[in-house]
Amino acid sequence: YTILSKVHSDRNVYPSAGVLFVHVLEREYFKGEFPPYPKPGEISNDPITFNTNLMGYPDRPGWLRYIQRTPYSDGVLYGSPTVENVGKPTIIEITAYNRRTFETARHNLIINIMSAEDFPLPYQAEFFIRNMNVEEMLASEVLGDFLGAVKNVWQPERLNAINITSALDRGGRVPLPINDMKEGVYVMVGADVPFSSCLREVENPQNQLRCSQEMEPVITCDKKFRTQFHIDWCKISLVDNTKQVSTFQEVIRGEGILPDGGEYKPPSDTLKSRDYYSDFLITLAVPSAIALVLFLILAYIMCCRREGVEKRNMQTPDIQLVHHSAIQKSTKELRDMSKNREIAWPLSTLPVFHPVTGEIVPPLHTDSYDNTSMPLMQTQQNLPHQTQIPQQQSAGQ
């Protein structure tokens with residue numbers, strides 16, 4: 001039921017609805033349509049990319065996907081046809097681009113979707129394979145090995161691959177380019193018999209608890225897949241369509257006459273003029289008037305109701321005013337006296353003799369040096385303006 005076909009000019013293919021369809025666009029086929037221009041002694045290996053779209057539309061149908069990793073790999077069309085397109089031919093335009101010579105070649109792929117027997121299969125299981133990319137899984141031998149492993153575990157009479165989806169299309173992240181990590185792929189298969197006991201082990205409470213703790217569940221049949229496929233059993237999905245409750249409600253058709261709601265009156269073509277004067281008063285004039293009143297009240301309080309210095313002096317006792325005036329007068333006198341005082345120069349600024357030449361060295365500052373910044377207490381001895389205290393002489397002198 002899985003159709004694998006090679007690309008040809010105006011090729012007709014006949015996939016079945018609800019069954020995986022895979023179509024390979026081989027680069028080797030299109031190489032023959034582009035004239036080779038290699039240098040002498042070189043083999044032509046031009047980069048070729050493909051563009052696929054439904055005839056008359058810019059994109060493909062919703063059920064059909066396309067993937068090509070690099071311009072040096074084959075392109076793959078894959079997907080699961082729907083029942084709505086049964087009996088309707090779908091024409092896919094395939095355009096090949098030679099990225100070296102900028103030449104193109106176009107072919108048509110006519111997809112005639114057929115109805116499958118006993119579709120859909122009632123029991124469907126979706127597996128998540130962590131160590132595979134979608135183009136690797138679409139290879140016929142790899143997909144055949146996976147279906148063979150599922151058949152050994154499930155033991156159905158009929159087993160079909162329904163759909164393949166990349167993990168990136170399900171919201172997965174692009175893997176890091178280390179340790180050959182894969183993006184992962186979802187593979188949905190369908191069978192005509194109920195699920196085996198091995199597949200039902202995922203629904204055990206112990207395994208559900210291990211999955212909630214991000215631990216690997218214990219599955220007895222995992223060894224049959226582990227040699228080639230690493231399956232994430234916590235992401236497996238089992239769907240039993242035989243137990244699905246139909247939510248379709250039968251539509252009760254009436255006479256087709258709507259209840260009388262009166263005559264419909266459309267709006268007038270002419271618009272009436274509107275007076276915005278009242279809106280202006282409400283939005284601008286009223287707030288401005290209130291703000292002006294508040295400003296006048298505040299100005300009266302701040303300017304016209306000030307107590308002033310005179311009222312303060314009238315309410316202050318006379319003795320307190322006298323004390324305050326005396327303190328101010330004494331402070332002023334002290335400041336005037338401090339400006340006129342003369343302070344001896346520090347010893348470090350007086351002229352000294354040079355120890356070698358004997359010349360007098362001038363002071364470090366000029367005569368206009370501000371002497372008010374000098375300390376009040378001098379620690380140097382024998383200053384010219386200080387009074388020398390006579391020392392007591394010894395008895396022998």
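The values are calculated or read from the model by the stated rules, or taken from the named source; none is laboratory data. Just so it is clear, the structure is predicted and the values come from calculations on it, not from any experiment. Reconstructed Cβ throughout: ideal geometry from the backbone, glycine too, with neighbour counts over all protein chains shown. Note: accessible area is taken over every heavy atom of the protein model, side chains too, but ligands, DNA and RNA are not part of it. Shrake-Rupley method; radii C 1.70, N 1.55, O 1.52, S 1.80 Å.
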* Asked: Just to be sure, is CYS234 closer than 20 Å to ARG130 by Cα, surrounded by 10 or more Cβ atoms within 10 Å (Cβ to Cβ) and either over 36 Å from the mean Cα position of the chain (by Cα) or modelled with pLDDT under 75 (or both)?
  -> no
* Asked: Can you pull out the helices (runs of 4 or more DSSP H) entirely within region 259-343 that have at least 1 residues that are among the β-branched types (Val, Ile, Thr)?
  -> 286-299, 308-314, 318-340
* Structure fact -> Filtering region 182-214 down to residues that are more than 15 Å from PHE128 (Cα to Cα) and assigned to a loop (DSSP other than H, G, I, E, B) yields ASP192, VAL193, PRO194, PHE195, SER196, ASN204, GLN213, GLU214
* Asked: Hey, any hits in region 105-116 for a residue that's open to solvent by 40 Å² or more (accessible area, probe 1.4 Å) and without any contact (Cβ under 8 Å) to a residue 60 or more places away in the chain?
  -> yes
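Yes or no, residue by residue, for (1) open to solvent by less than 20 Å² (accessible area, probe 1.4 Å); (2) touching a residue at least 60 places away in the same chain (Cβ under 8 Å):
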| position | (1), (2) |
| --- | --- |
| LYS182 | no, no |
| VAL193 | no, yes |
| CYS198 | yes, no |
| VAL202 | yes, no |
| GLN208 | no, no |
| SER212 | no, no |
| PHE225 | yes, yes |
| HIS230 | no, yes |
* Structure fact -> By residue number, the members of region 132-172 that are out of contact with any strand residue (DSSP E or B) (no Cβ under 9 Å at 6 or more places or on another chain), of a type in the set (S, T, N, Q) and open to solvent by less than 60 Å² (accessible area, probe 1.4 Å) are none
* What residue, of GLY56, GLY32, GLY62, is modelled with pLDDT under 90, at positive phi and not acidic (Asp, Glu)? -> GLY56
* Asked: Going by the structure shown, is THR283 open to solvent by less than 100 Å² (accessible area, probe 1.4 Å), modelled with pLDDT of 85 or more and not small (Gly, Ala, Ser)?
  -> yes
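Looking only at region 83-104, filter to residues that are open to solvent by less than 40 Å² (accessible area, probe 1.4 Å) and modelled with pLDDT of 85 or more; which one of those is farthest from ARG11 (Cα to Cα)? Give the derivation first.
Taking region 83-104 and keeping what is open to solvent by less than 40 Å² (accessible area, probe 1.4 Å), we get 90, 92-96, 98, 101.
Next, from what is left, pick out any that are modelled with pLDDT of 85 or more: 90, 92-96, 98.
Working: THR90: 12, ILE92: 10, GLU93: 11, ILE94: 11, THR95: 14, ALA96: 15, ASN98: 21 Å.
Only one residue tops the list, namely ASN98.
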* Structure fact -> Note: among PRO217, PRO175, just one is free of Cβ contacts under 8 Å to residues at least 12 places away in the same chain, in a loop (DSSP other than H, G, I, E, B) and open to solvent by less than 50 Å² (accessible area, probe 1.4 Å), namely PRO175
* To do: Among residues belonging to region 3-29 that are open to solvent by 50 Å² or more (accessible area, probe 1.4 Å) and either of a type in the set (A, V, I, L, M, F, W, C) or within 22 Å of VAL86 (Cβ to Cβ) (or both), point out the one that is modelled with the lowest pLDDT.
  => LEU4
* Options ALA105, ALA149, ALA161: the member that is among the small types (Gly, Ala, Ser), within 24 Å of ILE236 (Cβ to Cβ) and assigned to a strand (DSSP E or B) -> ALA161
* Condition test on SER288, is it open to solvent by less than 100 Å² (accessible area, probe 1.4 Å), modelled with pLDDT of 85 or more and of a type in the set (Ser, Thr, Tyr)? -> yes
